Amino acid sequence: MSATVTGTAGGLRVGELARTVGVKPDTVRYYERAGLLPAPTRTSSGYRAYDDTAVDRMRFIQGAQRLGLRLADIQQLLAIRDTGSCPCEPAEHLLRRRLAELDAEMARLAALRSEMVAMIDGLPTGDCAPPVPGVWCPPTGKEVNDDD
């Protein structure tokens, strides 16, 4: 889905580029400061004038961020891409690492879910006794004896 890019004769200004790709102008400026977006030419009055390649680059950055890649990783891929080389091999490495991170996070969340289900299952039903300070739930009458 590509949007038609219209801008001033000298290129897209920051706000125009931002609107085209759906970000705030400060995001465009930040990416430029961070080295993700090359510094554009300037108009005679000092405004940034981005060419159409900036739209493609911004969309690449957004797509990589949606996959959870860090800006430093994206910068590496862009640097390779800027040489004219295919960034597929490094991209595969980064994506496999990110997939492993997602798998670990999903396992952590599954364990957390199990703990929550156990806590819910352990809640008393019916009449609830007054709370005891420092305890999540009041005693249910089933006292646990550590001496057994």
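The values are calculated or read from the model by the stated rules, or taken from the named source; none is laboratory data. None of these values were measured; they are calculated from a predicted model. A quick note on method: Cβ atoms are made from the backbone with ideal geometry, for glycine too, and the neighbour counts reach across all protein chains shown.
Restricting attention to region 69-102, and to residues there that are surrounded by 15 or more Cβ atoms within 10 Å (Cβ to Cβ) and not in a helix (DSSP H, G or I), which single residue is nearest to the chain's Cα centre (by Cα)? Within region 69-102, the match that is nearest to the chain's Cα centre (by Cα) is Leu69. Taken over region 103-135, the criterion of being surrounded by 10 or more Cβ atoms within 10 Å (Cβ to Cβ) and outside any helix (DSSP H, G or I) is satisfied by Leu123, Pro124, Cys128, Ala129, Pro131, Val132. Considering only residues in region 38-61 that are closer than 13 Å to Gln75 by Cα and in contact (Cβ under 8 Å) with a residue 24 or more places away in the chain, the one that is nearest to the chain's Cα centre (by Cα) turns out to be Ile61. A search for C-beta distances below 9 Å between a residue of region 99-118 that is without any contact (Cβ under 8 Å) to a residue 40 or more places away in the chain and closer than 16 Å to Leu67 by Cβ and any residue that is surrounded by 10 or more Cβ atoms within 10 Å (Cβ to Cβ) and not β-branched (Val, Ile, Thr), counting only pairs 6+ apart in sequence or on different chains, returns Glu101/Gly68; Leu102/Gly68. Here Leu17 fulfils each of the conditions (1) surrounded by 14 or more Cβ atoms within 10 Å (Cβ to Cβ); (2) without any contact (Cβ under 8 Å) to a residue 24 or more places away in the chain apart from (2). The set of residues in region 6-26 being at pLDDT 95 or above and on the phi > 0 side of the Ramachandran plot consists of Gly22 alone.
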